[in-house]
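Below is one structure, written out as C-alpha cells; the observations come after it.
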Amino acid sequence: MSAWVLPDHIADVLPSEARHIEEIRRDLMDMARCYGYELVMPPLLEHLESLLSGTGETLDLQTFKLVDQLSGRMMGLRADSTPQVARIDAHLLNREGVTRLCYCGPVLHTRPGGPHATREPLQFGAEIYGHSGLEADLEILTLALDCLKAAQINAIGVDMADARIVHALLKDLPLESVQLAQVHAALAAKDSSELKQLLRHTPVARSQPLVDLLQLYGDAAVLQEAHKVLPATPDIQAALAHLKWLASHLDGASVSFDLADLRGWAYYSGAMFSMYAPGASDALARGGRYDEVGQVFGRKRPAVGFSLDIKSLSAVAPDRPLRAAIRAPWGEGAALRAAIAALRSQGETVVCVLPGHESQVDEFHCDRELVEAAGQWVVHTI
C-alpha cells in the first residue's frame, strides 16, 4: 500500500473546498457572536472518564482511546464537544445565571455516520446554560436556523421530538439493558414487528403506546393524535405542550414531528430537533435540551444547545464566488513593496508572480494587476 494513502473516511481538504469551509465557519462564528455567545476551545484529547461521563454507549463506541504515556491513564480523542463544554461551564467558569458558549473544532469518530461521511467532522455548536424555560430552547432553534441560512441553505425542514416521551413510556419496564437497547433500535428503525416481539411479555397497556408511537410522525396533527393514544402522564403532556409552543414560534422553516425519534447522543432530556435541507443525505444540525449533562461534573443545571458538521454543511451549501485578486510583479523596489503592502492593508489579495512563473495558472482569477505608470504603481483592470 502506498505510504500516502489515507485511512478510510479520512481525507485531505484541498484549496477550493477549504476556502468554502472556512468562509462558512467564519459566518457561523459571527452569527453566534451576534447572539451573545462566547467562544471556548476545549482540548482535542482528555481523560476518558471525563470525556464520556454520562454520555451513553453510542459516544463511547465512537471514541478513539489511547494510553497517556505521562500518567498511564486512558485518554480519548473527543467524538463530541458537548460534554467538554458542560465541564467548562461547571468547573472552570462556574457562573451564576445564564451562560452562552459556542465552539468550533475537529472531532474524531471511530466509524463514519454514513457511507460517504467523514470520520473527522469539523463540529460547530452553541449552548445555553442556566435557563430552564422554553425561551432558551427557542433561542437555540432560532440560532441553528440562522446559521444554516448564513450558509445560504434554503427550504429548511425542522423535525422535532422530545426525549421525555420515550423515557416515560419505557420507565419501570422490566427490561434488561440489552433488551432496552434493542427496543431503542426498533423504535429508531420504526420496526413494529421487532418491537412487538421484544415487548411480547409486557402488559398490553404498557406495550401498545410504544407501538402506537411508531405511527406518530408528520405535521402538527401528530400532536393531537398523540394526546389521544399516549398515556396522560405529566411528562408526556408537558413534552407535547412544549413541542406545540416551540413549533408555533418557529419562523422560516417547515416543521414536522417524529415522536419516536431517538437519534443523537443519549444525554438528551427534553425537546430535540434535527434540521434538514434538499440535497443533504442526513440532518445538517441536531440539538435539544440536556439538563442532566453537567450532573457528572458536580453541577446539574439547565442546558440546551445544538451542533453541526461544517464539512457536511459545505457539501450542500452553494459555492460562493471567489473574491478576485490583484496580480503584481515581484521586485525589490521600495515603491513596489510599499504599494503591495498598502493594498493588502486595505483587505485586497495581492499575488506576486515569482520570476519565471509568469505563464502559470492563476488560481485566484486575478481581475486586476499592479503596473508602473509614470513612476507610480497603480492598479489596472485586466
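The values are calculated or read from the model by the stated rules, or taken from the named source; none is laboratory data. Computed from a prediction, not measured in an experiment: that's the story for all the values here. Ideal geometry is used to build each Cβ from the backbone, glycine not excepted, and the neighbour counts take in all protein chains shown. For accessibility, only protein heavy atoms count, side chains too; no ligands or nucleic acids. Shrake-Rupley method; radii C 1.70, N 1.55, O 1.52, S 1.80 Å.
If we keep just the residues of the stretch 223-244 that are of a type in the set (Val, Ile, Thr) and surrounded by fewer than 19 Cβ atoms within 10 Å (Cβ to Cβ), which is farthest from residue 171 (Cα to Cα)?
It comes out as 229.
Just a yes or no: is a residue in the stretch 154-166 charged (D, E, K, R), touching a His at 6+ places or on another chain (Cβ under 7 Å) and not in a loop (DSSP other than H, G, I, E, B)?
For the stretch 154-166, residues charged (D, E, K, R), touching a His at 6+ places or on another chain (Cβ under 7 Å) and not in a loop (DSSP other than H, G, I, E, B): present.
Please work out if residue 380 is open to solvent by 50 Å² or more (accessible area, probe 1.4 Å), without any contact (Cβ under 8 Å) to a residue 60 or more places away in the chain, in a loop (DSSP other than H, G, I, E, B) and more than 30 Å from residue 146 (Cα to Cα).
Criteria not met by residue 380.
Which numbered condition trips up residue 20, out of (1) at pLDDT 95 or above; (2) over 28 Å from residue 322 (Cβ atoms)?
(2)
Find all pairs meeting these conditions: Cβ atoms under 8 angstrom apart; at least six residues apart or on different chains; first residue within the stretch 150-172 and among the acidic types (Asp, Glu); second residue open to solvent by less than 20 Å² (accessible area, probe 1.4 Å) and assigned to a helix (DSSP H, G or I).
Within 8 Å, the pairs are 162/239; 162/240; 162/243.
Given the residues 90, 79, 126, which is the only one that is at negative phi, out of contact with any strand residue (DSSP E or B) (no Cβ under 6 Å at 6 or more places or on another chain), buried (at least 23 other Cβ atoms within 10 Å of the Cβ) and of a type in the set (A, V, I, L, M, F, W, C)?
Being at negative phi, out of contact with any strand residue (DSSP E or B) (no Cβ under 6 Å at 6 or more places or on another chain), buried (at least 23 other Cβ atoms within 10 Å of the Cβ) and of a type in the set (A, V, I, L, M, F, W, C) holds for just one of 90, 79, 126, which is 79.
Any idea which of 290, 276 is closer than 28 Å to residue 138 by Cβ, open to solvent by less than 20 Å² (accessible area, probe 1.4 Å) and of a type outside the set (A, V, I, L, M, F, W, C)?
Answer to the selection: 290.
Scanning for something among the hydroxyl-bearing types (Ser, Thr, Tyr), free of Cβ contacts under 8 Å to residues at least 24 places away in the same chain and closer than 20 Å to residue 167 by Cβ, does the stretch 222-234 turn up at least one residue?
no
Only residues in the stretch 100-121 that are assigned to a strand (DSSP E or B) count as the first member; pair them with residues that are open to solvent by 20 Å² or more (accessible area, probe 1.4 Å) and basic (Lys, Arg), Cβ under 9 angstrom, at least 6 apart or cross-chain, and list the lot.
102/33; 104/25
Evaluate the stretch 47-68: report whether one residue or more is at pLDDT 95 or above, assigned to a loop (DSSP other than H, G, I, E, B) and under 16 Å from the mean Cα position of the chain (by Cα).
No, that holds for no residue.
Can you list residue pairs whose Cβ atoms sit under 6 Å apart, with the first residue in the stretch 311-324 being of a type in the set (A, V, I, L, M, F, W, C) and the second being open to solvent by 40 Å² or more (accessible area, probe 1.4 Å) and part of a loop (DSSP other than H, G, I, E, B)? Count only pairs 6 or more apart in sequence or on different chains.
Listed by first residue and then by second, the contacts come to 316/279; 317/152; 322/365; 324/365; 324/367.
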